[in-house]
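Asker: Below you will find the structure I want to go over with you.
The values are calculated or read from the model by the stated rules, or taken from the named source; none is laboratory data. Please read these numbers as outputs of a predicted model, since none were measured by experiment. Neighbour counts are summed over all protein chains in view; Cβ atoms, including those assigned to glycine, are modelled from backbone coordinates with ideal geometry.
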Amino acid sequence: MRVLFLTPSLPWPLDAGGRIRTWQLLREIQSRHEVHIYCVRQDGAGAEAESRVADVCADLHVFERSPMPVPRYWLAPAPESWFHSAAFEEALAPAYKSGDYDLVHIDELLLIRPLCELSGPPEILHHHKLDVELCRGLHLAGRASLVETMRWRGLEELAAARFCEHIFCSDHDATEFRERHPGAATHIVPNGVDLEYFKPRDEPRDRNELLVLGSLDYEPNLQGLEVFLDSVWPKIQGRRPELSLVVVGARAASGFLSRPPAGVHLVGEVPDVRPYLARAGALLVPLDIGGGSRLKIAEALAMGCPVISTEIGAQGLKGDFGPLLARASSITDLAELLLDWTRPPSQGARAASVTNLAWSHAADELHAAWTAVATPPQA
């Protein structure tokens, strides 16, 4: 099958969950389908990024960003304007009319507006997250405006009216979407992990070291970490001062944690997170706003690293991971788990169900979704 794959940016470097998910799915699916990528160049993406992405597709077209015109700018959520490209949009109509493609895969909600007047191959829209729910949660936490939430809601309504077929990371997100848009057909393509890259190491864990891992320019990560440090960490330090917290993540703002609380250490961006996952007594996931890929949990479990998470943080994760995964109902409830937490499971443990998180399984589901949408219904 020849697939026109539209994505807002090059899925490289692999320093954010969305890029990791897109690149890994492309890597796995390339042997089954001929994928032609149209994308917008993000700041800092050079020849290496293009080369890496070209390795996992049949053809790559990269378009330069450009300012979004008014009045459309005032209707668009901020990410839609960030990734706007007039050249990208001008290339869409010829591609749709060419007859060269059996399917169009749209990799983010923010890309749909210029597609609404086009007709051509069957289409499927991939939601990495529920943008409306994410922005609503940020608004309630005082980190996004009501106007931005309404812009996302408008774009989602447009998507539901324009597209019949939708891909989600989890049953939870698909159910939420169908409740708002009952006519939508949904497909689940779960998140995964590279089981060869992330695997247990024969190294001792520091039972007193907790690890927070994630992009530090992603608002749900920042909001959750700030709530945890303000409301939970003082209790932990008061009763378990031997515990330390290591924060690893890219793109931390200048001055972030410039004066960290006692026991908290900011590492920032690292070329390889595996040494930290191999050493930590547990990965801590203090999230109370949904959205995003949450690949860090799968990566930790694949390395046999225990995970202590909120329910929202582990949302959509399927499988029995035994003592490797502990969940709390909220960020503040993490305190009870941490105060009772004693030691990680035996060295080198990896729950058997982790094998079901391989990207190959996710690619099977993507293949099934593409095939179902591109295959004409039988008379």
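Asker: For the range 300-322, which residues satisfy the criterion of being in a helix (DSSP H, G or I) and buried (at least 24 other Cβ atoms within 10 Å of the Cβ)?
Answerer: Matches in the range 300-322: Ala300, Leu301, Ala302.
Asker: Return only the number of the condition from (1) among the small types (Gly, Ala, Ser); (2) outside any helix (DSSP H, G or I); (3) crowded, with 18+ Cβ neighbours inside 10 Å that Ala159 does not satisfy.
Answerer: (2)
Asker: Another question about this same structure. Just one of Glu117, Glu133 is more than 19 Å from Gln315 (Cβ to Cβ) and modelled with pLDDT under 95; which is it?
Answerer: Glu117
Asker: To continue, here is another question. Inside the range 208-237, can you point out the residues that are more than 21 Å from the chain's Cα centre (by Cα) and surrounded by fewer than 16 Cβ atoms within 10 Å (Cβ to Cβ)?
Answerer: Hits for the range 208-237 are Asn208, Asp230, Ser231, Pro234, Lys235.
Asker: Only one of Ala76, Ala54, Ala58 is among the hydrophobic types (A, V, I, L, M, F, W, C), in the same structural domain as Thr149 (by TED's automatic domain parsing), at pLDDT 95 or above and farther than 21 Å from Trp23 by Cα; which?
Answerer: The match here is Ala76.
Asker: Still on this structure, please answer the following. Take the conditions assigned to a strand (DSSP E or B) and either in the same structural domain as Ala159 (by TED's automatic domain parsing) or modelled with pLDDT under 95 (or both) and apply them to His84. Does it pass?
Answerer: no
Asker: A further question follows. I'm trying to understand the selection: among the residues of the range 169-220, which are touching a Phe, Trp or Tyr at 6+ places or on another chain (Cβ under 7 Å) and among the hydroxyl-bearing types (Ser, Thr, Tyr)?
Answerer: Hit for the range 169-220 is Thr186, nothing else.
Asker: Can you name the residue in the range 80-111 that is surrounded by fewer than 18 Cβ atoms within 10 Å (Cβ to Cβ) and touching a residue at least 40 places away in the same chain (Cβ under 8 Å) and, of all such residues, is farthest from the chain's Cα centre (by Cα)?
Answerer: Here the answer is Asp100.
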